[in-house]
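Structure first, then comments.
Only the coordinates and a few stated rules stand behind these numbers; no lab work does. Please read all numbers here as calculations on a predicted model, not as lab measurements. So basically every Cβ, Gly included, is an ideal-geometry build from the backbone, and we count neighbours across all protein chains shown.
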Amino acid sequence: MHPWAVSPLLFILALFGTSVVTGVLGAVLGLGGGTLLVPILTMFFGINLHYAMGASLVSVIATSSGAAAGLLKLGLSNIRVGLFFAVPTIVGAMVGSTLVGIAPPWVIELVFGLAIGWAGLLTFRQPSGARRHVTETDADPLAVSCALEGAYYDNALGCDVAYRAERVKRGAGAMFGAGVLSGLLGIGAGAFTVLAMDVFLRLPIKVAAATSSFMIGITAAASAAIFFARGDVHPLIAGPVAIGVLVGAIVGSRVLPRLTNSAIRRLFLVVVFYLSASMILRAFGVRLF
Amino acid sequence: MKAAEVLASRVLFFGGVLSVALMTLGMVGFAVRGGLEPEFIAESHRVEMGAARSPAVFVSVTEVARGLGRWPVDPLAVVASGVLLLLVTPAISVASVLVVFLRGGDRRYAFVAVVLLSALLVSLVLVGGR
């Protein structure tokens with residue numbers, strides 16, 4: 001019997017409280033809430049993996065809507081880049097969320113464990129910072145014809161930063177992969193879309209993060225609809241989780257500027273790697289608790 | 001700021017706020033009505049999904065509408081309507097941006113928005129079509 005089984009109200013309040021903390025951690029780590037949420041819901045609360053993923057996807061849309069609204073207004077999020085790359089991502093997400101109904105839970109747990117570990121490693125990466133200014137010699141013709149470019153005012157640098165996407169086709173391929181992971185695992189996969197924008201498209205990290213937060217809401221909506229139609233979105237789980245993660249993400253984004261100490265990030269990463277290892281072991285039938 | 005960005009940000013913000021408000025209202029209503037029974041926890045711990053679906057789970061717009069149309073209103077249908085509103089918010093945002101692109105004569109991005117909207121509608125039809 002799970003410790004929460006004493007009272008449904010306590011169970012829901014605990015879900016809400018945990019989601020708030022997860023939202024804060026997700027915002028601070030830059031992983032998003034879902035990546036941490038699914039293993040916590042399944043391992044600590046004993047919630048069915050499908051319900052956990054359904055709730056996580058709903059929370060991704062809630063946080064994306066909240067964050068993207070502000071970032072679009074600030075001009076950091078590039079709506080053309082977001083829409084363009086949302087196409088391969090959403091196709092990947094639809095493929096991934098359809099696979100959930102076919103793949104056995106242990107496969108999902110194994111992929112999840114590996115993906116969360118990889119996402120954790122990504123947060124160790126140093127952001128590339130402001131990219132070099134746009135030059136015509138290395139311009140990708142597709143980026144030029146599709147106007148995958150823009151400019152924003154960088155407060156830290158005190159100047160306007162112009163940018164243009166590079167290696168568009170490779171970037172689109174990576175976005176498809178991120179979409180598959182999002183749909184298959186019930187997460188926003190923001191860590192992977194930001195990585196694709198940084199490594200392949202060579203967009204400034206601030207633009208990449210802001211545009212990703214707009215994109216993942218669209219992607220998660222497609223996956224979540226499939227989960228909903230399959231009966232994997234339980235209102236009593238998705239409700240408190242979505243509200244909690246949203247509250248946590250708002251709090252997390254407020255405290256984020258004060259938490260730049262790398263030691264704190266490393267401490268949080270211990271949590272990520274613990275969850276990663278637990279999910280992988282769980283896939284092979286080993287329960288840590 | 002560009003028109004597309006302004007419109008998209010407003011749709012996302014108000015869609016998000018309204019859906020969270022509906023979810024909160026439904027959750028509180030359900031708790032006040034005393035619907036929180038211990039069976040819910042056992043149900044959330046179920047190992048196998050499928051055949052025996054939980055009565056608390058809605059799988060279509062029709063089911064949610066039925067719950068909302070009943071008197072007294074089913075609080076879980078209110079939570080589910082918040083979830084549904086959240087699901088359609090990105091689609092409404094893309095649709096509104098499509099209008100801006102069409103008005104501005106940006107055919108290329110109007111086409112991209114149509115492709116995206118079609119993909120979203122295909123997945124949403126799964127919910128509405130039952």
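Before moving on, here are some points about what is shown:
- The Cα trace of chain B gives Rg and Dmax of 18.3, 57 Å, the first to one decimal, the second as a whole number.
- Within a straight-line Cα-Cα reach of under 16 Å, B:Lys2 can be paired with the following aspartates and glutamates, leaving aside sequence neighbours fewer than 8 residues apart in one chain: A:Glu149, B:Asp106.
- Multiplying the residue separation of B:Arg10 and B:Phe111 by 0.36 nm and removing their Cα-Cα distance gives an extension gain of 34.1 nm.
- Cβ-derived FRET efficiency at R0 22 Å, B:Ala42 paired with A:Ile102, nearest 0.05: 0.25
- Using θ = phi - 60° in the Karplus curve 6.51 cos²θ - 1.76 cosθ + 1.60, the 3J(HN,Hα) couplings for segment A:86-102 round to 6, 5, x, 5, 5, 5, x, 5, 5, 5, x, 6, 6, 5, 4, x, 9 Hz; x is entered for Gly and Pro.
- Ranking of A:Cys159, A:Cys146 by neighbouring Cβ atoms within 10 Å, starting from the fewest: A:Cys159, A:Cys146.
- Between segment A:158-172 and segment A:67-101, the alpha-carbon centres lie 16 Å apart.
- Over segment A:7-283, the hull volume per residue, using the convex hull of the C-alpha atoms, is 114 Å³.
- Near A:Pro88: Cβ cut-off under 14 Å, other residues only, Lys/Arg at +1 and Asp/Glu at -1. The net charge is +3.
- Ordering A:Asp160, A:Asp154, B:Asp74, A:Asp140 by the number of other Cβ atoms within 10 Å of each residue's own Cβ, fewest first, gives A:Asp160, A:Asp154, A:Asp140, B:Asp74.
- Inter-probe distance in nm under a simple model that places probes 7 Å from Cα toward Cβ, at B:Trp71 and A:Asn155: 5.3 nm
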